[in-house]
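Everything on this sheet refers to the single structure shown next.
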Amino acid sequence: MRDGPDPRVSGPSFGANPSFADLLRDSRPEVVRSDRSVSASDFPVPHGTTVLGLKYADGVIMAGDRRATAGYTVADARMRKVFAADDYSAIAIAGAAGQAIEMVKLFQLELEHYEKITGDRLSLEGKANRLAQMIRSNFPLALQGLVVVPLFGGFDHSVSEGRIFYYDATGGRWEEDDFQTTGSGGQPAKNSLKKRWHPGLSRQDAIRVAVEALIDAAEDDVATGGPDPGRRIFPNALAVTASGAEDVPEDEIASAVAAVLEARS
């Protein structure tokens, strides 16, 4: 009996590796398709960057910068990142822009459908939980780089105050007592809010604090767009109170930007 591998057989001895795919790859590499998965890094995908939410005396303010980036390119200088989810809640998006906006539209539709079917509005807690489920269902795409991590806020009539919820890419959900940020410029924005935010802010002061945090983020994060008064590009913001959700007028945002920049000059 001969010991060792048969010298007539080239390559590794049969049975050394139980993988048929590896055997085929070694013996006939030309018939094997590449098993490299496609990810968002393989093609330019616009990403929304910095958004924030903070409580104030009457409810919550949700705000975001206007820049979307695709790699090192500015994909959109006027992207809207803050939307009313329904009459008493708002969502601010960061991450893969197309995926995020699609999630917002579906979320808005589901809340409207629930109200029409039941004749009642879903509780703020229920809305936050439903959004967490939607983020969790996106996790397979998040693993490929299409991450969507929004902020959610609204006015809870059961406790007569605004509430803010934040998430991770797996759909984990937490509530914040004062303010929260997300996106590439989230950390410098949060550092700014730590210095400026305090309980009981008026609407005017809350908008100024939010705008200043976004300006600070733009100074430290290249993906965050700062205000451009010459081109009338300002952050967009939405206020949610017991009376409902409403866009903060551009003139009000522009005044807050001017006040912040003047204070620094």
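The values are calculated or read from the model by the stated rules, or taken from the named source; none is laboratory data. Values in this document were obtained by computation on a predicted structure and should not be read as measured data. Heads up, the Cβs are rebuilt from the backbone with ideal geometry, glycines too, and the neighbour counts pull from every protein chain shown. With ligands, DNA and RNA removed, areas are computed over all heavy atoms of the protein, side chains included. Shrake-Rupley method; radii C 1.70, N 1.55, O 1.52, S 1.80 Å.
Miscellaneous remarks
- Surface composition of region 64-217: carbon plus sulfur atoms contribute 50% of the solvent-accessible area (1.4 Å probe, protein chains only, all chains present).
- The residues of the chain expose on average 54 square angstrom of accessible surface per residue, using a 1.4 Å probe on protein heavy atoms.
- For the chain, with +1 on Lys and Arg beta carbons and -1 on Asp and Glu, the positive-most of Ala75, Gly48, His198 along the dipole: Ala75
- Taking a straight line from the alpha carbon of Lys190, these aspartates and glutamates sit under 18 Å away, with near neighbours fewer than eight places off in the same chain left out: Asp65, Asp168, Glu175, Glu176, Asp177, Asp178, Asp205, Glu212, Asp216, Glu219, Asp220, Asp221.
- Global geometry of region 104-191, whether rounded, prolate or oblate, following the gyration tensor of its Cα atoms and the 1.5 cut on a/c: oblate
- Values (1) 131; (2) 146; (3) 199 are given for comparison; volume of the Cα convex hull per residue in Å³, derived from the coordinates here, is the one labelled (3).
- Amide H contacts of Asp156 (H built 1.01 Å from N, in plane; Pro and chain starts excluded): Glu161, Gly162, Arg163 sit under 5 Å, all sequence-distant by 5 or more or on other chains.
- Once C-alpha pairs closer than 8 Å and six or more residues apart are averaged by separation and normalised to the residue number of region 164-265, the relative contact order reads 20 percent.
- Short-range pairs are left out: with C-alpha atoms under 8 Å and at least six residues apart, the relative contact order of the chain is 24 percent.
- Sites Gln144 and Tyr72, calculated FRET efficiency, Cβ-Cβ separation with R0 25 Å, nearest 0.05: 0.80
- Neighbour-limited loop hits for trypsin sites (Lys or Arg not before Pro), region 184-234 (at most 11 other Cβ within 10 Å; DSSP other than H, G, I, E, B): Arg232
- Max mean-square fluctuation residue, GNM over the chain, Cα-Cα springs under 10 Å, options Glu110, Glu30, Glu175: Glu30
- Straight Cα distances below 20 angstrom link Lys194 to the lysines Lys55, with same-chain residues fewer than 8 positions distant left out.
- Within a straight-line Cα-Cα reach of under 23 Å, Lys105 can be paired with the following lysines, leaving aside sequence neighbours fewer than 8 residues apart in one chain: Lys81, Lys116, Lys127.
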